[in-house]
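Heads up: the structure comes next, in C-alpha cells.
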Amino acid sequence: MTPEQTEHRVFLNRYYKAARSIYDVTRKYYLFGRDRALDELLAAPWASLVEVGPGTGRNLEILQRRRAWALYGGIEAADAMLERAAARCPWAHFQRAFAEDADYRSVLGVPPQRIFFSYCLSMVQRREEALQHALHEVAPGGEVHVVDFADLRGLPRPLAAGLRAWLELYRVTPLDPGWLAAQGAELVLGPGRYYVLARLRRPR
Ligand SMILES: C[S@@+](CC[C@H](N)C(=O)[O-])C[C@H]1O[C@@H](n2cnc3c(N)ncnc32)[C@H](O)[C@@H]1O
C-alpha cells in the first residue's frame, strides 16, 4: 500500500464510520442514475460482476435480487463500508483493496464479466489508472460500467458551484465526460449533466 492509499483509507474510515448508518436514506436524494445504471447492466446476459467501492452493498443487493444465479463480488477501500456490505450481502465475495491496483481475478476466482463503478470513480485519487486497470482486468468481451457525477453544466451556475464546493469537502470530484470519452467510453448524460453513465468494452 502506498502512503497515499494509507491516508485515503484513514479518511474514508473516519468519514464512513460516521455516515454509514444514514448512508442509504440520504444518498437516494443525490446519487441519481444508479437505478438506471442497474437496468442497463441487467439488459445483457453476464454471469459475474464485481462492484468497485460497493459502500453499504445497496447496488449488489438489487442486482442479486434480480439476477440471483450470477456470481457477485466487491473490492472496497474502506473497512467501515466493507463490514456493512459483507453483512448485507453474505452471498458476495469481498476484498479490501483499492481501485487502482486490485487483483480483480482473485475476487471470484475468474475475471469478472462486468466491473461496476457507482459514484466511486469520483472519489478515486488516480482515476485514469483505476479505469484502465479495470478494463485490463475485466474478462475478454466484458464491460466496465460507470455511473457518477458529470460536469453539472446544465445546472444553474451558482447551484453547480455550490455542489462542487460541497462535494470537494468529501474528496469527491465530478467526472469530465470529455475525459471519459477519451478513455473509449460510450456515454449517456443525465438531466442537467448531473450524472453520466459510461460503458467501456474490452474486445474479445
Ligand atoms: C459514494 S460511495 C458509493 C457507494 C456505492 N457504490 C453506491 O452507489 O451507493 C463511494 C465508495 O467508494 C469507496 N472508495 C473510495 N475510494 C476508493 C478506492 N480508491 N478504491 C476502492 N474503493 C474506494 C468508498 O469507501 C465508498 O464505499
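The values are calculated or read from the model by the stated rules, or taken from the named source; none is laboratory data. Here the structure is a predicted model, which is why all the values come from computation and not from measurement. Positions of Cβ are backbone-derived with ideal geometry, glycine not excepted, and every protein chain shown enters the neighbour counts.
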Item to complete: Might you check whether a residue that is surrounded by fewer than 18 Cβ atoms within 10 Å (Cβ to Cβ) and within 14 Å of the ligand (Cβ to nearest atom) occurs anywhere in segment 134-157?
Response: no
Query raised in the report: within 23 Å of Tyr104 (Cβ to Cβ), of a type in the set (Phe, Trp, Tyr) and assigned to a helix (DSSP H, G or I) - does that describe any residue in segment 41-59?
Result: no
Counting only strands (runs of 3 or more DSSP E) entirely within segment 89-204, those with at least 3 residues that are under 15 Å from the mean Cα position of the chain (by Cα) and at negative phi are 93-96, 114-118, 143-149, 195-201
Selection from segment 46-72 of residues of a type in the set (Gly, Ala, Ser) and within 13 Å of the ligand (Cβ to nearest atom) yields Gly53, Gly55, Gly57
Within segment 52-62, residues farther than 16 Å from Asp101 by Cα and either over 14 Å from the mean Cα position of the chain (by Cα) or small (Gly, Ala, Ser) (or both) come out as Gly55, Gly57, Glu61, Ile62
* Look at Tyr23 and say whether it is in contact with a Leu (Cβ under 9 Å, 6 or more places away or on another chain) and within 11 Å of the ligand (Cβ to nearest atom). => no
Given the condition under 25 Å from Arg27 (Cα atoms), hydroxyl-bearing (Ser, Thr, Tyr) and within 16 Å of the ligand (Cβ to nearest atom), answer yes or no: does some residue in segment 194-203 qualify? yes
Within segment 17-54, the count of residues that are within 23 Å of Leu200 (Cα to Cα) and modelled with pLDDT under 95 comes to 2
Being within 9 Å of the ligand (Cβ to nearest atom), closer than 21 Å to Trp46 by Cα and buried (at least 21 other Cβ atoms within 10 Å of the Cβ) narrows Ile75, Ile115 down to just Ile75
